[in-house]
1. Find how many whole Å separate the alpha carbon centroid of the range 84-146 from the alpha carbon centroid of the range 150-179.
2. In nm, what is the difference between 0.36 nm times the number of residues separating VAL317 and GLU41 and their Cα-Cα distance?
3. From the square roots a ≥ b ≥ c of the eigenvalues of the alpha-carbon gyration tensor of the range 196-308, which class results: rounded (a/c under 1.5), prolate (a/b over b/c), or oblate?
4. May I ask for the Kirkwood hydrodynamic radius of the range 30-125, worked out over all distinct Cα pairs and given in angstroms to one decimal?
5. How large is the Kirkwood hydrodynamic radius of the range 69-139, in angstrom, based on all distinct alpha carbon pairs?
6. Does anyone have the angle between helix 88-101 and the longest principal axis of the chain? Alpha-carbon axes, 0 to 90°, nearest 10?
7. Which cross-chain or sequence-distant (5 or more) residues have an amide H under 5 Å from the amide H of VAL307, H modelled 1.01 Å from N in plane?
8. Per-residue HN-Hα couplings for the range 24-41, Karplus 6.51 cos²θ - 1.76 cosθ + 1.60 at θ = phi - 60°, whole Hz, x for Gly and Pro?
Amino acid sequence: MTDRESPGEFEGYGGRYVPEPLQEPLDQLAAAYDEVASTDEFQADFRDHLESFAGRPTPLYHAKNLSERYGAAIYLKREDLLHGGAHKINNCLGQALLAKRAGRDRLIAETGAGQHGVATAMVGALLGLETEIYMGKKDAKRQAMNVFRMRLMGAEVNEVTRGGEGLADAVDAALEDFAANVDDTHYLVGSVVGPDPFPRMVRDFQSVIGEEAREQFQELARTGDFPDAAVACVGGGSNAIGLFHAFRDDSVDFYGAEGGGEGADSSRHAAPLAKGQDDTIHGMKTRVLDDDVEVHSVSAGLDYPGVGPEHAMLNAVGRCEYTGITDEEALAAFRELSETEGIIPALESSHAVARAIQLAEDGEHETILVNLSGRGDKDMETAAEKFEL
């Protein structure tokens, strides 16, 4: 393994910790991204696809009933209304358009909750690219409908049976595929994780979330130009960075909601920022869970032992406060938003809703912006097992 200084360094986190054979293709990807992605031509093409295919812009919604209940103005950035039901389509369109321009004819991806896999299958079908998805068998079982959606759109889905049969194992399998097929394959990483340039590339493609929300909040809010707090769930962390990035220089407090599982002090959770340590995983230096912790969250998309390196940096410098939200708290928020606003969130997003409710109850923030990163269709079977209705 070798580490190379790169623009992907975040105060000592990030970098590129990969076998030597992967250095050159990653150099090529970074060069292509740096050269092409910022051009007016590419940005116009990307923005056109975001509007005509994905359904942007998404609205900023004042959750009045929830706000009245908890005494703070809570706003939801409605990424759940995008094509496919989650924010994942933003990044997938950007990377797939880049891969197409680079002459790649095959996409591979990892997925946990299945939303990234679905979005990858969508853009693969749209752009005529062969698509193969790696998904842990455990996740494939609890997200069977998303597996069907991927296959319906022509993607091959490989159920990974190694290790814990979860997201981390799917990433390992995808990396192995990429190493063996670098000439014709683009690895469409789904979050702000992995070796450079993936963390900054995914962040930039997802930053449309915060850019829109910042402008919309100025138009809709009655208590000031910006929210007091911005809240998002954090697994790998793409939806959170996508929201936070536009407000990075503003007086807006950042809050990340990790998968607290059975509690951060238990042996079953997915909260590396709150309870992990510095280490390397999947080609990056970041915060990683100890080996004696069983990676667990009720939401498959947060079921990951590491986190994006930019989040590790934000945590280290104190710019963002990260808190583990337990399964019980997330399920309660899932049900409460459904009952009070008629909006069924993804279980991942429910962690952010739960954290926003906690902040509202604390009474220190008058306005709270929540990234509602996905809708809850995919989680109906899990919820039905938990609730007696």
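1. Computed from Cα coordinates, the inter-centre distance equals 11 Å.
2. 95.7 nm is the gain from fully extending VAL317 to GLU41.
3. Prolate shape, in that a/c is at least 1.5 and a/b is the bigger ratio.
4. Mean inverse Cα-Cα distance, inverted, gives 15.1 Å.
5. 13.5 Å is the Kirkwood radius here.
6. Roughly 20 degrees, rounded to the nearest 10.
7. Close amide H contacts, sequence-distant or interchain: ARG287.
8. 5, x, 6, 4, 5, 5, 4, 5, 5, 5, 5, 7, 9, 5, 8, 6, 4, 5
Taken together, the values in this text are just the output of simple stated rules run on the coordinates, not laboratory data. Keep in mind it's a predicted model, so treat the numbers as computed, not measured. Don't worry about glycine lacking a Cβ; one is built from the backbone with ideal geometry, like all the others, and counts go over all protein chains shown.
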